[in-house]
Amino acid sequence: MRNRIRVHTRAVNIRAESDLAQRDHRDGADSMLTLLADLPALIASAPHRLMFFAGASAVIVSMLWWACLLGAGYAGYAFPAPPVPAGWAHAVFTQYGMLPLFMFGFLLTVFPRWTGQPALTRRAYVPVFIGVFGGYLLSHIGLLGMKWALIAGIASMLAGWGAALIALGGVLGRNGAKDRHALSCYAALVLGACGLGAFGAFTLGAPSRFAFFAIKLGTFGLLLPIFFTVCHRMIPFFSASVVGAGYRVFKPAWSLGLLWILLLTHFGLELTHREDWLWVADAPLALFFLGHWLAWQPWKCTRPGLLLVLHLAFAWLPSACALETAQSLIAFSGGGLLLGRAPVHALTVGFFGSMLVAMVTRVTQGHSGRPLEMGAIPWLTFVLLQFVVCARIHAEFAHDAPRWLVIAAFGWLLAFLPWVARSLWIFATPRIDGKPG
């Protein structure tokens, strides 16, 4: 009898444990489904979270396509040919797709703050995400040999770009265009829309000069003005908040006006193919950027690392302009363009890439409630990226240049993968301090 009672009791316990396990499994599954259902709303809860999520994804998409294209060509394998020259597509979708996703995330967040206005609603910034990021992904499908997808993707990007101009233009208009940093960034975005439209016209059959216009405008009319304008406002602010009373803030009102004059001069010389006269703009630009870097007193800003990397990244800017000046002076003396594309990659990979890691990490840490520290993964990405820049510059002078181009492209992926994975996790999870946004 006792044995039968023990067996019965054991069976009851087993059934109870089984029921409890099933309930736990159902509760876990329900929790997971709830998290997944809430994920879109969470990611869209703030413009920087939504657009940085897209930008981090695009960092891999852009270079994955380019690395596979270069790697397949180097190894002798077939790879789908894009409907437009591959190098031009690489330049355009990096300048008008990948980096602007981060820029839109930042500007849609700070424009209201800079001008003392309420934050933008989802109705204002979600269409930017759908248009620009959706079109960016569709365009990359088109680069695999489907011209219709490429054209549709560019059209979608332009629609998203228009939504951003409407949202930011409303903020700027209500401010009376009094904030010079916001005005400078908005002017660059307007030029960016023109450049993207020009490349769209090229894909539809316009002459190749439309593509050339788009590529040069993307660098000197869109990215460089916005990157420097943001640095001009934020680097002294971040530095002063850390260093304190011993720091002298330097952000003169004349900087942005002079910047635009020099950049438009450079752009005009590029359009007329006067590479031998670019030094007229590039030498002053090198001195201009070097002067600002020194005035921001980087020797006082070595800690924390999150501040140091901003100053280290900015150092690439006067260096790139010095290389551009040297290239132009060599051409002026009849020596040709001996440095190849080394100067432009010192600017794009060196300055834009390094500042992307530095600035986005700073914003991500602060806006996710985390300590304002660099952390191991961002440091790893930043350091590896410096080797990528050197590899890409070396490719211009190496006998086996195609090999070094492949190394640089896959090096970018290796450098950014851990940073992207960490960033995506942060953007897809709530703030650790429990605050909204």
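Kirkwood hydrodynamic radius of the stretch 204-288, from the reciprocal of the average inverse Cα-Cα distance over all distinct pairs: 14.8 Å.
On a per residue basis, the stretch 313-414 carries 39 Å² of accessible surface, using protein heavy atoms and a 1.4 Å probe.
Here, the stretch 135-253 yields an orientationally averaged convex hull projection of 9.4 nm² when only Cα atoms define the hull.
Segment ALA177..LEU42, full-extension length gain: 45.4 nm, with 0.36 nm per residue of separation and the alpha-carbon distance subtracted.
Per residue, the convex hull spanned by the Cα atoms of the stretch 176-215 measures out at 55 cubic angstrom.
On a per residue basis, the stretch 44-102 carries 31 Å² of accessible surface, using protein heavy atoms and a 1.4 Å probe.
Between LEU337 and LEU290, the simple spin-label model (points 7 angstrom out along Cα→Cβ) gives 2.4 nm.
Length available on full extension from LEU264 to LEU144: 0.36 nm per residue minus the Cα-Cα distance, which gives 39.8 nm.
For the pair ALA78 and TRP277, label points projected 7 Å from Cα toward Cβ lie 4.8 nm apart. In the chain, taking the dipole from charged Cβ atoms about the Cα centre, the farthest positive-side position among LEU271, VAL59, ALA315 is held by VAL59. Straightening the chain between ARG370 and LEU204 buys 55.1 nm, computed as 0.36 nm per residue apart minus the Cα-Cα spacing. Largest GNM mean-square fluctuation among VAL84, VAL59, VAL420, using the chain with Cα springs under 10 Å: VAL84. Check cross-link reach from LYS300 to the lysines: straight Cα distance under 18 Å, and skip same-chain residues fewer than eight apart. Candidates past the 8-residue exclusion: LYS251. Surface composition of the stretch 369-437: carbon and sulfur make up 73 percent of the accessible area, probe 1.4 Å. Placing a label point 7 Å from the Cα of HIS394 along the Cα-to-Cβ line, the residues of the stretch 345-369 whose backbone N sits under 20 Å from it are 345-351, 353-354. With a 1.4 Å probe and all protein chains left in place, how much of the accessible area of the stretch 194-251 comes from carbon and sulfur atoms, in whole percent? Using a 1.4 Å probe with all protein chains present, the stretch 194-251 comes out at 66 percent carbon and sulfur.
As a ratio to 2.2 N^0.38 Å, the alpha-carbon radius of gyration for the chain is 1.12.
Sequence-distant contacts, meaning Cα pairs under 8 Å at least 6 residues apart, place the relative contact order of the chain at 15 percent. A Stokes-Einstein calculation at 20 °C with viscosity 1.002 mPa s, built on the Kirkwood radius of the stretch 274-317 over Cα pairs, returns a diffusion coefficient of 185 µm²/s. Just so you know, the Rg over Rh for the stretch 223-270 is 1.12, from Cα atoms, with Rh as the Kirkwood radius. Couplings 3J(HN,Hα) of the stretch 211-219, computed from phi: 5, 4, 4, 4, 5, 5, 5, x, 7 Hz, in residue order, whole Hz [Karplus 6.51 cos²θ - 1.76 cosθ + 1.60, θ = phi - 60°; x for Gly and Pro]. If R0 is taken as 56 Å, the Cβ-Cβ distance between VAL126 and THR302 corresponds to a FRET efficiency of 0.90. The residues of the stretch 108-149 expose, per residue, 48 Å² of accessible area to a 1.4 Å probe.
The values are calculated or read from the model by the stated rules, or taken from the named source; none is laboratory data. This is a predicted model, so every value here is computed, not measured. Note: ideal-geometry Cβ built from the backbone for every residue, glycine included; neighbour counts use all protein chains shown. For the accessible areas, the whole protein counts, side chains as well, though only heavy atoms, and no ligand, DNA or RNA atoms are used. Shrake-Rupley method; radii C 1.70, N 1.55, O 1.52, S 1.80 Å.
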